[in-house]
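Note sheet for the following structure.
The values are calculated or read from the model by the stated rules, or taken from the named source; none is laboratory data. Everything quoted here is computed from the prediction, not taken from an experiment. Note that each Cβ is placed from the backbone with ideal geometry, even for glycine, and that neighbours are counted across all protein chains shown.
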Amino acid sequence: MHYNRGMRSYGQYCALAKALDVLGDRWTLLIVRELMLRGPSRYTDLRNGLPGIATNLLSERLRELKDAGVVAREEAPPPVATTLFSLTPRGQALRPVLDELGAWGVPFMVEGPAPDDAFRGRWLAWPAERFLTDADPDAPPVSVELRAGDGDGADPVVVETVEGAVRARPAGAGEQPDAVLSGSPHAILGLLSGQIDVAEARRRGVRIDGEERVLARLRPAAALASS
């Protein structure tokens with residue numbers, strides 16, 4: 001695979017430098033994050049999921065990622081009839097990279113968001129899958145809907161136990177999860193991570209509807225509980 005980054009290349013015959021030639025620019029890995037979470041996406045979906053990015057910069061980054069074989073672009077047939085962007089197998093192979101970078105970044109979230117930090121509810125899907133385990137994998141599956149944030153960021157996700165593993169996905173219309181957590185992303189993340197208990201979460205404004213007992217099934221992995 002050959003990818004010429006021109007003046008922005010580090011110009012080093014080193015695997016890490018070659019990777020950073022493709023991925024090291026601002027916003028690039030966050031575009032990969034969105035496509036990893038969303039699957040095939042329209043340009044407007046990506047722009048809405050990346051608050052703060054300029055439209056011309058998003059177009060440039062997508063073009064560069066396509067040239068590098070990380071992103072594929074296809075014209076969807078009717079009734080969709082729009083351009084969709086998706087990760088190639090080469091792009092999907094970045095999942096472990098995002099996992100480790102996210103794990104490394106979790107301690108920076110402990111103090112809570114800055115006043116101007118943007119948030120999207122689906123961003124909780126990644127730490128939910130990465131750090132939660134099923135405390136009773138032989139029991140019937142359970143599901144918990146997370147409604148974190150409000151306004152543009154209020155896109156709920158469902159965390160569910162599946163064959164002993166924990167999976168997260170966008171919430172569908174008309175779903176009836178076993179429990180629903182509503183509140184600030186910082187407080188919900190604190191509860192799921194084991195940093196705070198249910199009583200403290202409620203004091204911080206988290207609302208728990210449905211069967212509170214199912215929350216005991218979502219056990220934080222040691223890596224998160226000790227962060």
Hits in segment 35-50 - residues which are in contact (Cβ under 8 Å) with a residue 24 or more places away in the chain and either of a type in the set (Gly, Ala, Ser) or in a helix (DSSP H, G or I) (or both):
Leu35, Met36, Leu37, Arg38, Gly39, Ser41, Tyr43, Leu46, Asn48, Gly49
Among the numbered criteria (1) more than 13 Å from the chain's Cα centre (by Cα); (2) at pLDDT 95 or above, which single criterion is violated by Glu34?
(1)
In segment 55-81, residue surrounded by the most Cβ atoms within 10 Å (Cβ to Cβ) [restricted to those that are in a loop (DSSP other than H, G, I, E, B) and in contact (Cβ under 8 Å) with a residue 60 or more places away in the chain]:
Ala68
Which of the strands (runs of 3 or more DSSP E) contained wholly in segment 82-199 include at least 1 residues that are more than 30 Å from Val22 (Cβ to Cβ), touching a Leu at 6+ places or on another chain (Cβ under 9 Å) and in contact (Cβ under 8 Å) with a residue 40 or more places away in the chain?
132-134, 143-148, 157-162, 165-170
